[in-house]
1. Among the strands (runs of 3 or more DSSP E) lying completely within region 4-108, list those that include at least 2 residues that are out of contact with any His (no Cβ under 7 Å at 6 or more places or on another chain), under 29 Å from Gly190 (Cβ atoms) and more than 9 Å from the ligand (Cβ to nearest atom).
2. Does Gly124 satisfy being of a type in the set (Gly, Ala, Ser) and open to solvent by 10 Å² or more (accessible area, probe 1.4 Å)?
3. Under 6 Å by Cβ, and 6 or more places apart or on different chains, what pairs join a residue from region 34-48 that is at pLDDT 95 or above and of a type in the set (Asp, Glu) with one that is within 6 Å of the ligand (Cβ to nearest atom) and open to solvent by less than 10 Å² (accessible area, probe 1.4 Å)?
4. Assuming Pro123 fulfils every condition listed in (1) touching a residue at least 60 places away in the same chain (Cβ under 8 Å); (2) touching a strand residue (DSSP E or B) at 6+ places or on another chain (Cβ under 7 Å) apart from one, which condition is it?
5. So how many residues does region 181-214 have that are under 18 Å from Met377 (Cβ atoms) and out of contact with any helix residue (DSSP H, G or I) (no Cβ under 9 Å at 6 or more places or on another chain)?
6. In region 256-276, what count of residues is obtained for those that are within 32 Å of the chain's Cα centre (by Cα) and without any contact (Cβ under 8 Å) to a residue 60 or more places away in the chain?
7. Check off (1) at pLDDT 95 or above; (2) under 28 Å from the mean Cα position of the chain (by Cα); (3) open to solvent by 40 Å² or more (accessible area, probe 1.4 Å) for Arg102 and give me the number that stays unchecked.
8. For the condition in contact (Cβ under 8 Å) with a residue 60 or more places away in the chain, of a type in the set (Gly, Ala, Ser) and surrounded by 12 or more Cβ atoms within 10 Å (Cβ to Cβ), what is the one hit in Gly237, Gly190?
Amino acid sequence: MPAAERHGRGQYFTPLELISFVLGLCPDPDGLVMDPACGSGRFLLAASARWGCPVRGYETDAGALEVARAQVDGEVIGDDFVSAEGRGDVSLIVGNPPYVRRRGAKRDLYVDFVERAAAHLRPGGRLALVLSNAWMDTSYGEVIRSLLLRDYAIEWIVEGSGENWFPGAKVRTVVVVARLGAGGDRVRFGSVAELSGGVDLLRAVDQGAMRGDEAWGPYLRAPDLWFSSREGMQPLGQFAEIRRGFTTNDNGFFYPPADSGIEERCLEPLLKGPKRVPGALFSAEEVRDRVFLCPEDPPPPGAAAWIGDREAWTLRAQEPARLFLLKGYHRTFRQPMCTTPIHYDQQIYGVYPRAGVSLDWLARSLNSPWTQLDLEMAGRVNFGDGVLWLALNDARHKLRLPAEPLEHEAEIAAAAAAATERRLRLAK
Ligand SMILES: C[S@@+](CC[C@H](N)C(=O)[O-])C[C@H]1O[C@@H](n2cnc3c(N)ncnc32)[C@H](O)[C@@H]1O
């Protein structure tokens, strides 16, 4: 099957070493094992070979279904698992449900698979699933975080710290093992370098202290120092208003070239993107880009010629800013400041101190090792290039700042550097 088609159907078959690793995290199910998206039946074959258990699978793809039925000695159902009626008779649900989205859906299909799992499990039954790690940090993943906390005792959340388990699929995955029923004690977060090796226990967290409305990625990514330091800190949004820059929908028109013929008074300096920032502290004269903001109507002749017969030629008003937070960053961490207020593009956030908050203090705080570390926890990674992206709401609510200077500055700096290195390594 061509790669694009395979991706559209979420058909990445799970490597056998990963299957064996997932099953190895589960005790003998002593009953029926089910894969809700069984593909050719790899998980089911491995489970029956390991435990001699009865198996059941669901699969919607006709080709995969045929292969599964030919290979698997058990019940293979050619139905959509998401709308299948649960029978409450399964001891262990295993598998690797599809990480694709149904047309118009706001979340990946695997979220529905996790939601539907409990209806199939018998009391005390387990699930052991390979899932995209996005549910750990995204707001749409809150459904999974909350239902795991409410209905399950979570036993393991394990990620790979080495090669991507699905080379070529631009997604990092985690393995979740959870037992249906209350009584969760400690959630073990682990990492595994080689699937044939053991799991390194990163931390064990009291399930009662975890929250569905918080991101869980930091349990895998953050040092203890991050958790202890952020206690008592306030979100950045309390110290400053964070705004998005210009969205022009036509940069070629609103950010004209030097020879546009537009009068100087209709052009203002513009911070166009992270790569165009002259330095950590810079002046507007050092900025090469310009934004077309015409203060006159009708426009002067040069501007009028540039506008031509275009109808919309004004941008939403923007108050220039002096301090900025980069929306995406790769390796070089710095949050730039201009000596005078300046306009900026949507690739950059403007930081406007609230009343009584010092701009210099904010600039120092946003450039501190603490913020570098906190950004690694609040941001999302872009695959391939490893760029860390910060969503506007995450900038406002997830990033936190200490009101007082932090102790352990050197350790925090080392942890921040390690977190950046780790991100760049894992994004490959
Ligand atoms: C990522 S593959 C995993 C296959 C297999 N479990 C494995 O690990 O090799 C996901 C499978 O789910 C199937 N699938 C997609 N949507 C489904 C649905 N609604 N119900 C059941 N299976 C579905 C796809 O056809 C695909 O074979």
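1. Per the criteria, 55-58, 90-95.
2. Here the answer is yes, as Gly124 does meet what is asked.
3. Pairs that qualify, where the first residue is at pLDDT 95 or above and of a type in the set (Asp, Glu) and the partner is within 6 Å of the ligand (Cβ to nearest atom) and open to solvent by less than 10 Å² (accessible area, probe 1.4 Å), are Asp35/Phe43; Asp35/Gly95.
4. (1)
5. 1
6. Selection size over region 256-276: 2.
7. Of (1) at pLDDT 95 or above; (2) under 28 Å from the mean Cα position of the chain (by Cα); (3) open to solvent by 40 Å² or more (accessible area, probe 1.4 Å), only one is false for Arg102: (1).
8. Result of the check over Gly237, Gly190: Gly237.
The values are calculated or read from the model by the stated rules, or taken from the named source; none is laboratory data. Model, not experiment: these values are computed from the prediction. Every residue, glycine as well, gets a Cβ built from its backbone with ideal geometry; the counts of neighbours run over all protein chains shown. These accessible areas exclude ligands, DNA and RNA; they are computed on the full protein's heavy atoms, side chains included. Shrake-Rupley method; radii C 1.70, N 1.55, O 1.52, S 1.80 Å.
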